[in-house]
Amino acid sequence: MKVIAHRGFSGIYPENTMLSFEKAVEAGCDVIELDVQETKDHVLVIIHDETIKRTTDGEGYVRKYTFEELRKFNAASIKKNFDFLPIPSFEEYVAWAKTTSVTTNIELKNNRFYYTDLEKKVIDLLQSYDMLNRVMFSSFNHVSMLKCKQLAPDVPCGFLTEKEIGNAGYYVKSSGLDCYHPDVTNLSETVVKNCKKHGVAINAWTVNEMGDLRKLYDWGISGAITNYPDICKAFVNNANKNL
Ligand code: G3P
Ligand code: MG
């Protein structure tokens, strides 16, 4: 089971910052999950919410700021005792990720506000760094995932869901996609079996409880998206020894 660091090592470090990504790699994660949106002047940035209020010292919509304006807000303010950290650009992340061995689960945050051609912009940037073969895409916006698959057929794509889909494996496979990304609280063994039957990988979020880790490991799912990649990695290493 792969350890996927949710917004980086967000259990301890400010989410979706370069520090949280660096710490996730140090913790031994296999994959980093992050959220991509777009500024007013069309720069791709890494931030979870559509507004900057929860995670920075500012407020307002991401899409209403230019990149230069956005960079002045402190993305470290979500946690205590960290010095200033800017909202990273997606390009800054990709350039850094290229120097590591980590792969990336890029979540396109376009389910509440649709950023025109976000899919193409993300793919073009990855291509310019020759990094398309080290990523996978996911989104709650399933139409956007179909678009990604069309533009980059070799990149694994997954449907994110908040509510359980009984025949998820069939739904994903018949849509031409590769993965199912459910909320762990809604995942049942029946759905795991359905996905396996259709050759669909499951990456569940957000796995921060030991009981959930054990259950998902025993079910043999593909990846656990966690805020604590250190603990998750230690659990998986230990469980693998006892196989
Ligand atoms: O990609 C897994 C997870 O990040 C989806 O939910 O809201 O944390 O982006 P959210
Ligand atoms: Mg996400």
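Every number in this text was worked out from the coordinates using simple rules, so none of it is lab data. Please read these numbers as outputs of a predicted model, since none were measured by experiment. For neighbour counting, all protein chains shown are included, and Cβ atoms are generated from backbone atoms with ideal geometry for every residue, glycine included.
Here the 3J(HN,Hα) profile of the stretch 16-25, calculated from phi with Karplus coefficients 6.51, -1.76 and 1.60 at θ = phi - 60°, is 6, 10, 4, 4, 5, 6, 4, 5, 5, 5 Hz, Gly and Pro shown as x. Cross-link pairs exceeding 32 Å in C-alpha to C-alpha distance, out of LYS98/LYS163; LYS2/LYS64; LYS109/LYS197; LYS2/LYS147; LYS64/LYS215, comprise LYS98/LYS163; LYS2/LYS64; LYS64/LYS215.
If we sort 200-210, 14-24 on the protection proxy, mean other Cβ atoms within 10 Å, highest first, what's the order?
Details: 200-210: 21.0, 14-24: 24.0.
Highest-to-lowest ranking by the protection proxy: 14-24, 200-210.
Centroid-to-centroid, using Cα positions, the stretch 1-30 and the stretch 54-127 are 15 Å apart. Using 0.36 nm per residue and subtracting the Cα-Cα separation, the extra length available between ASN167 and LYS120 on full extension is 14.0 nm.
Projecting the Cα positions of ASN227, ASN208, LEU126 onto the charge dipole of the stretch 101-231 (unit charges on Cβ atoms of Lys, Arg, Asp and Glu, taken about the Cα centre) puts LEU126 furthest along the positive direction. Put simply, when 65-75, 93-103 are sorted by average Cβ atoms within 10 angstrom per residue, most first, you get 65-75, 93-103. Among 2-10, 106-114, the peptide with the highest mean count of other Cβ atoms within 10 Å heads the list, and the full ranking is 2-10, 106-114.
Think of it as helices only: each DSSP H run of n ≥ 4 in the chain is worth -39500 (n - 2.57), and spread over all residues that comes to -9500 deg cm²/dmol at 222 nm.
With +1 on the Cβ of every Lys and Arg and -1 on the Cβ of every Asp and Glu, and nothing else charged, how large is the dipole of the chain about its Cα centre, in debye rounded to the nearest 20? Let's see the in-between values first.
Values: 29 positive and 32 negative charges, 101 e Å.
Roughly 480 debye, rounded to the nearest 20.
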